[in-house]
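To start, the structure itself, in structure tokens.
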């Protein structure tokens, strides 16, 4: 099986479309969007362009402004400042407020919100107000085929599994061919296994449909796995936007570094040729960007658990002590309190088993450049 496929619970293979940089026309433009509630600022000066066919995810902790941003795009909340343009038409800002029903936007909520008194087919057809009977039937069949639910048109929504209900909700939102599809925490109500499966299934559906989509989530793994680009939000602002590989591998701020994955920091001093740390000299080629301007300054170098290895070493030659161990099934993650005062995490396969309190040496095994930040 190729790395661009996965197996569903029905035993079928699902092609997972590769990520590509946004190249299409701008379908949605947010220009310096701000939203205040009294004296509280929920969103501040957010500017994002979303391109045709792109899947963008707004990712951040609770209260960061991501859901408020989604609501402003949908027309469920109006911005205090800035403008929103959809398909080159201004829909919000500067005395313009196009109502939600007049914005060509589809919505998929975490509750799925299917009508229990309607069949699957009637749910999918709900938004097809301008289609005649033949066109409506054909579009419903097309959507059910897209979401792999052929033959389900007469089923009751309550007889479906969580994943099937989600696909019906997706088909209903896609049927009217919206300019932009908005997904609000679309996987949060699913169990873990189904959530992982549906991430790739939804990405496949959206890419096959060629729809432009914006998703909102606080789940880092979800955002990194389904998105073409990710916008990391914090305190109402966008901290970084880019491909998942770039925001994870080259975080532009300490917040992004700490929010994505498990981050540890090696303290060090910038010297000739690199950064002097408790693990030795990290030369310039091991570090992101130029560090020359910080000569003599203290910095913190980002390391993740898969960058480090803990190894047995003789007494007197150790770097630190294992103070916590977490077993995840495929691997152990060890927290090591280093003699230098740094605390780092090391990831090992499940066959490597260190006891709590073991003295160890730490080796850096990263095969990529490391991000760094001025010391706090």
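Annotations
- Note on residue 32 and residue 142: the model spin-label points, each 7 Å out from Cα along the C-beta direction, lie 4.1 nm apart.
- Residue order, fewest to most beta carbons within 10 Å, for 356, 218: 356, 218
- Helix 192-209 vs. the chain, principal-axis angle (Cα, 0 to 90°, nearest 10): 60 degrees
- Simple spin-label estimate for residue 328 and residue 126 in nanometres, 7 Å along Cα-Cβ: 3.8 nm
- Cα centroid of segment 298-376 to Cα centroid of segment 163-226, whole Å: 36 Å
- Extending 7 Å from Cα along the Cβ direction at residue 219 and again at residue 293 yields two label points whose distance is 4.0 nm.
- When Rg/Rh (Cα atoms, Kirkwood Rh) is calculated for this entry, the matching label among (1) 0.99; (2) 0.97; (3) 1.04 is (3).
- DSSP beta bridges fully contained in segment 26-251 are about 55 percent antiparallel.
- Sorting 323, 301, 211 by the number of Cβ atoms found within 10 Å of their own Cβ, with the fewest placed first, yields 323, 211, 301.
- Per-residue ellipticity at 222 nm, computed for the chain from helices alone with -39500 (n - 2.57) per DSSP H run of at least four residues, works out to -6000 deg cm²/dmol.
- Angle in degrees between helix 133-146 and the longest Cα principal axis of the chain, rounded to the nearest 10: 20 degrees
- Burial order of peptide ranges 271-279, 60-68, 334-342 (average beta-carbon count within 10 Å, highest first): 60-68, 334-342, 271-279
Quick note: the coordinates plus some simple rules give every number you see, no bench work behind them. Predicted model only: the values in this text are computed from it and were never measured. Methodologically, a virtual Cβ is constructed for each residue, glycine included, from the backbone with ideal geometry; neighbour enumeration extends over all protein chains shown.
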